[in-house]
1. Give me the one-decimal Kirkwood hydrodynamic radius in Å for chain B, with the sum taken over alpha-carbon pairs.
2. For B:Trp454, enumerate residues with amide H under 5 Å from its amide H, sequence gap 5+ or separate chain, H modeled in the peptide plane.
3. What order, most packed first, do the peptides A:150-160, B:240-250, A:169-179 have when packing is the mean number of other Cβ atoms within 10 Å of each residue?
4. If you bin the C-alpha pair distances of the stretch B:385-449 every 10 Å from 0, what whole percents do you get?
5. Taking a spot 7 Å from the Cα of B:Arg317 along the direction of its beta carbon, which residues of the stretch B:434-476 have an amide N less than 18 Å from it?
6. For the protein assembly as shown, what does the equivalent ellipsoid look like in terms of its semi-axes, each the square root of 5 times an eigenvalue of the Cα gyration tensor, given largest first in whole Å?
7. Highest first, please rank the peptides A:216-225, B:114-123, B:428-437, B:407-416 by the mean number of other Cβ atoms sitting within 10 Å of their residues.
8. Around B:Arg406, which amide H atoms from residues at least 5 apart in sequence, or from another chain, sit under 5 Å from its own amide H, with H modelled in the peptide plane?
Amino acid sequence: MTFRTSHVFALLAPILISVQASLAQAPAKPGALSVEAGAQVFTAHCARCHGAKGEGTTGPALTFPKLQRAGTDDLLFRIIYFGIGGTEMPSHFGLTEAELKQVALYVRSLAAKTEPVGPGNPFSGDRVYRAAGCNKCHTMDGSGGLMGPDLSGVGLRRNPAFLRAALVEPGSFLPDGFLLVRAVTKDGKAIAGIRLSEDTFSIRLRSASGDLYGFWKEDLKDLQREPTKSPMPSYKGTLTDAQIDDLGAYLMTRKEAK
Amino acid sequence: MRLGRSFQCAVPALFAFAAACSAQVTFERIRAAEKEPHNWLTYSGDYSGRRHSALKQIDVTNVAKLRPAWMFQMDLNHKLETSPIVVNGVMYVSEPPSNVTALDARTGQPYWRYRRNIPQGVRACCGQVNRGVAVLGDRVFVGTIDAHLVSLDAHTGRVRWDVTVENFLAGYSITAAPLVVKDKVIIGVSGGEFGVIGFLDAYDAATGRRVWRRYSIPGNGMPEQKTWAGESWGQGSAATWMTGSYDPVLNLIYWGTGNPAPNSNGDDRAGDNLYSDCLLAIDADTSGLRWHYQFTPHDVWSWDAAQVPVLVDAPFRGKPRKLIVTPNRNGFYYVLDRSNGEFLLAEPFVKQTWAERIDEKGRPVVKADAIPSAAGAKVYPSPEGATNWHSPAFSPATNLLYTAVREAGAVFYKLPATYRLGMLFSGGSWHPIQGEEARGAVRALQLEDGKMKWEFPLHSPPWAGMLSTAGGLVFGGTDEGHFFALDAASGKLLWRFLSGGRITANPVTYMVDGKQQVAIASGQSLVVFSLE
């Protein structure tokens with residue numbers, strides 16, 4: 001199937017200008033180019049990873065005036081249609097041209113809705129980052145721990161509300177397939193870690209110290225799964241509200257992946 | 001057929017059937033395929049769709065010694081869903097998108113290869129796959145992704161005839177293996193995601209002339225067309241994208257049909273949408289529709305009924321019946337009388353949340369909150385179904401039906417849908433349920449009541465079919481690449497092998513040089529096993 005993104009862009013360009021005018025239009029009809037129609041497509045195809053309002057869940061937030069990988073509308077179309085290789089962003093060859101236009105319009109409308117600058121002092125947040133030991137589990141610009149996600153350039157992907165929620169309730173933003181497991185061998189040795197891969201007969205995990213373990217399931221006495229648990233502790237109570245804001249403000253300044 | 005010097009007619013030493021060494025694969029041989037289990041003559045092994053072999057050299061006592069004998073690497077990077085045909089030591093295997101290779105099953109090396117140039121712009125919802133070939137006489141038949149049916153010379157791989165079944169630009173393609181019945185080649189079409197009009201075709205095997213076409217959507221003037229609001233039947237799909245079964249005594253072809261289009265939005269197609277999601281019983285000579293049974297009337301979940309139905313003669317509630325049984329994508333196992341289509345039983349074999357029950361006439365009582373919506377409706381099973389095109393198997397020894405099941409739900413979304421020729425026509429989307437890991441299993445269902453006798457849990461929902469053998473074994477595969485054998489009576493794991501590639505195909509078994517082999521496609525390879 002061929003698809004000409006530049007052609008769609010040519011169609012879309014004049015309409016992008018009238019985003020505000022479209023906001024008040026009636027519920028979506030097939031092919032109707034409105035933010036509402038785009039919101040429906042977004043709910044069905046995108047919200048699972050990008051959040052109901054594009055605030056980001058397992059996938060990045062889209063509430064930025066300028067999106068990191070989709071600086072132009074042409075790039076936005078390409079990313080939605082073809083996906084991003086090497087990431088969890090899939091292709092959407094099933095979208096019609098009209099749906100593609102609608103959803104792109106909706107994504108662009110998100111930028112206006114959210115204030116990407118949160119409260120807090122980024123300079124204090126830098127100190128909180130180190131004092132709270134974030135770097136023991138997270139890598140920032142090439143140094144740090146391996147257990148958690150790499151936070152280089154996190155300010156390009158996340159918004160302050162998301163970061164606050166992740167610090168207070170880390171288990172609510174686990175990526176698909178993320179699982180903490182605890183394996184107990186027949187001789188009683190217990191290994192806890194993140195599941196790296198699993199099949200019917202065997203499982204592999206990485207412990208907090210970074211060691212790799214592989215087991216035949218038949219050699220295990222017990223295998224416990226903790227599907228909603230994050231290895232990251234909640235910082236509610238450990239850090240003050242102001243410190244959490246500061247930390248969030250600091251992370252939002254990390255807008256360059258070195 | 002004469003197929004090179006290596007074919008020495010050695011097999012009758014083990015199986016004293018003159019037919020086994022005959023030069024031609026005849027309709028009579030396919031009809032009696034269970035009498036020559038060293039061959040695998042048709043898609044499901046025989047016409048009954050049981051995917052069961054009478055071979056027992058490999059059995060529960062020695063299967064632990066099963067080892068790879070050879071591998072055949074395919075040269076195009078597409079998903080493999082192929083199921084080979086084997087005739088007297090020659091294996092005919094289709095390779096995606098629409099190629100065929102004849103292999104020496106003894107050594108794994110090719111006799112010939114047929115390579116087809118695929119035009120730009122073919123439509124395929126789910127990969128340019130091919131599930132196998134059919135054989136008759138000295139011909140090999142393959143359906144192509146650009147919706148042609150091709151007859152190849154079994155000695156050379158040269159094209160004998162090549163006919164256009166339909167226009168691929170309108171969304172038609174062929175992914176299923178053809179079924180030879182008498183002197184005809186029966187072929188169905190894919191395209192259910194593109195708003196095609198489904199049909200089943202019969203072609204004269206010798207000439208390629210079309211003998212009949214049976215549409216799976218009622219034509220103008222037929223009262224059943226009223227099961228589609230307005231003109232919605234005109235892009236209603238009901239594709240015939242898998243291979244059916246055949247009862248030579250009743251002379252009926254049993255063929256499943258796919259989803260109505262658009263898949264997830266039924267607003268513009270009010271009504272039952274016949275003959276989508278149906279089993280059709282079609283007279284092999286006249287194409288007359290003897291009966292139909294619809295599993296999911298007015299489907300909005302994409303639960304095609306295309307999978308291979310299984311024909312079994314067995315008592316049902318004390319009375320001998322000609323049964324047809326099928327675990328359906330909608331989560332229910334069905335038993336029908338195949339002579340007249342009478343509904344006998346529906347029993348869930350996975351978690352399902354869309355139907356209150358199936359009533360005494362075989363019609364589901366659908367829950368209102370299971371209908372896809374703009375906000376999303378959480379329903380089990382997922383659109384990929386409780387099972388899918390991968391074959392079940394039935395063993396007459398255990399009287400159990402083995403099916404590779406998918407335990408997964410989904411959130412179904414409805415979106416507006418506009419039909420445009422050759423474009424995807426889905427009317428919605430879906431995603432897995434957050435925080436839930438989908439699972440799989442091999443389940444052994446009791447033929448008569450559909451109750452589970454045993455299960456063997458799988459980490460992921462499988463796309464690999466089943467094979468049962470008289471050696472008391474059931475073979476299956478996993479998404480992570482394991483090929484395995486279970487005890488057919490108990491479900492106990494007896495052997496496994498990590499092939500290193502995802503398995504999305506059906507296994508077959510046959511015998512060459514006195515050794516039983518088991519073949520399965522995995523990753524980009526065909527892997528063949530025998531006892532060490």
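1. One over the average 1/r among Cα pairs gives 22.8 Å for chain B.
2. Long-range HN contacts for B:Trp454: B:Ala444.
3. Output ranking for A:150-160, B:240-250, A:169-179: B:240-250, A:150-160, A:169-179.
4. Result returned by the calculation: 18, 29, 26, 20, 7, 0.
5. B:446-451
6. Semi-axes, largest first: 48, 32, 24 Å.
7. Details: A:216-225: 12.0, B:114-123: 14.6, B:428-437: 18.1, B:407-416: 23.3.
Descending mean neighbour count gives B:407-416, B:428-437, B:114-123, A:216-225.
8. The list, which skips near neighbours in sequence, is B:Thr387.
Throughout, read-outs are computed from the coordinates displayed, never taken from laboratory work. The structure presented is a predicted model; accordingly, all values stated were derived computationally and were not measured. Cβ: placed from backbone, ideal geometry, glycine included. Neighbour counts: every protein chain shown.
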